[in-house]
Structures are given as C-alpha cells and as structure tokens.
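My questions will all concern the structure given below.
The values are calculated or read from the model by the stated rules, or taken from the named source; none is laboratory data. Keep in mind that what you see is a predicted model, and the values were worked out from it rather than measured. Neighbour counts are summed over all protein chains in view; Cβ atoms, including those assigned to glycine, are modelled from backbone coordinates with ideal geometry. Heads up: the accessible areas ignore ligands, DNA and RNA and are worked out on the full protein's heavy atoms, side chains in. Shrake-Rupley method; radii C 1.70, N 1.55, O 1.52, S 1.80 Å.
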Amino acid sequence: MKAFRLEELEAERAANDGAYLQFLRERNMSAGLYALDAGSSDPQAPHQQDEVYLVVSGRASITVGMETTQVARGSVVYVPAGVPHKFHHITEDLRVMVIFSPPES
C-alpha cells in the first residue's frame with residue numbers, strides 16, 4: 001500500500017518550486033498534484049493520456065474542448081487524451097489532484 005497526505009505533497013511541491021508534483025507512478029496510471037495561484041495562467045498543452053482532475057481547493061473555470069464549467073473543491077473533471085484544456089479565471093489558489101492513465105510520459 002502507498003498512502004499520501006495532501007499537506008505533505010503540497011509542501012514537497014512548493015519546496016521544489018514547481019506547479020506540478022508527480023507523487024505516484026504505476027504501470028497503468030500516475031498521479032500528481034497541480035497548483036495554480038489566483039490570477040495565474042495555465043500553460044499546459046493536450047496530453048496523450050486520459051486524465052481526471054479532482055479539485056482539492058480553490059476556484060476557477062476550466063475549458064475542455066469547446067465546453068467550459070466552473071470548478072471548486074470537490075469538482076471532478078474528465079479530460080480525454082488529446083483534447084485541449086485549460087484552467088482560467090482562477091479566483092482562488094487552485095490545488096488539483098491529477099490522475100493520468102496510462103502514466104504521463
């Protein structure tokens with residue numbers, strides 16, 4: 001078993017000065033913590049993997065393909081592989097758990 005605490009993952013991510021911390025990588029999936037501060041922009045490009053976002057904290061909008069929705073703590077969003085997507089209008093510091101399948105390259 002592997003178990004993680006969000007506060008420890010956030011501390012590790014912040015200590016490494018990065019917006020993304022991959023904390024788990026297995027044969028069929030990987031998981032990470034993604035952080036975007038209020039007012040910032042999301043630089044990501046489409047991925048080759050399916051992904052699921054679970055918003056841990058914060059508020060923003062996300063556009064996936066041609067659809068846009070608002071997200072906040074507890075929101076879950078599925079993004080198919082290859083589809084353009086971005087968080088935007090980030091009004092509160094955003095912390096998002098990201099699951100990739102297969103693992104992110």
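Rolling a 1.4 Å sphere over the protein heavy atoms, what is the accessible area per residue of the chain, to the nearest Å²? Spell out each step's value before the answer.
Numbers: 6240 Å² over 105 residues.
Result: 59 Å² of accessible area for each residue.
Next up: Can you tell me the FRET efficiency between residue 22 and residue 57 if r is taken as the Cβ-Cβ distance and R0 is 22 Å, rounded to the nearest 0.05?
On the way: r = 19 Å, r/R0 = 0.87.
In this case the efficiency is close to 0.70.
Given 85, 49, 19, which one lies farthest toward the positive end of the charge dipole of the chain, if we put +1 on the Cβ of every Lys and Arg and -1 on the Cβ of every Asp and Glu?
Sorting the options by dipole projection puts first 49.
Rounding to the nearest 20 debye, state how big the charge dipole of the chain is about its Cα centre with +1 on each Lys and Arg Cβ and -1 on each Asp and Glu Cβ. It would help to have the intermediate numbers written out before the result.
Numbers: 9 positive and 14 negative charges, 43 e Å.
The calculated dipole for the chain is roughly 200 debye.
What FRET efficiency, computed as 1/(1 + (r/R0)^6) with R0 = 35 Å and r the Cβ-Cβ distance, is obtained for residue 3 and residue 89, rounded to the nearest 0.05? Display every interim value, and only then the final one.
Numbers: r = 34 Å, r/R0 = 0.97.
Computed FRET efficiency for residue 3 and residue 89: 0.55.
Once you have a ≥ b ≥ c as the square roots of the Cα gyration tensor eigenvalues for region 1-60, tell me rounded if a/c is under 1.5, and otherwise prolate or oblate according to whether a/b is larger than b/c.
Working: a/c = 1.75, a/b = 1.15, b/c = 1.52.
In terms of gyration-tensor shape, oblate.
Sort region 64-105 into rounded, prolate or oblate with this rule: let a ≥ b ≥ c be the square roots of the eigenvalues of the Cα gyration tensor; rounded if a/c is under 1.5, and if a/c is not under 1.5, prolate when a/b is larger than b/c, oblate otherwise.
Here region 64-105 falls in the oblate category.
Another question, then. Kindly sort 1, 29, 97 by accessible area of their heavy atoms, largest first, with the probe set to 1.4 Å.
On the way: 1 220, 29 55, 97 35 Å².
Per-residue accessible area, sorted high to low, gives 1, 29, 97.
Next question, about the same structure. Need one word for the chain: rounded, prolate or oblate. Basis is the Cα gyration tensor (sqrt eigenvalues a ≥ b ≥ c); a/c below 1.5 gives rounded, then a/b vs b/c decides. Before the final figure, lay out the partial values.
Details: a/c = 1.71, a/b = 1.11, b/c = 1.54.
It is oblate, given that a/c is not under 1.5 and a/b is not larger than b/c.
At a 1.4 Å probe radius, carbon and sulfur cover how many percent of the accessible area of the chain? All intermediate terms of the calculation are to be shown ahead of the outcome.
Working: 3340 of 6240 Å².
Solvent-exposed carbon and sulfur of the chain make up 54 percent of the total.
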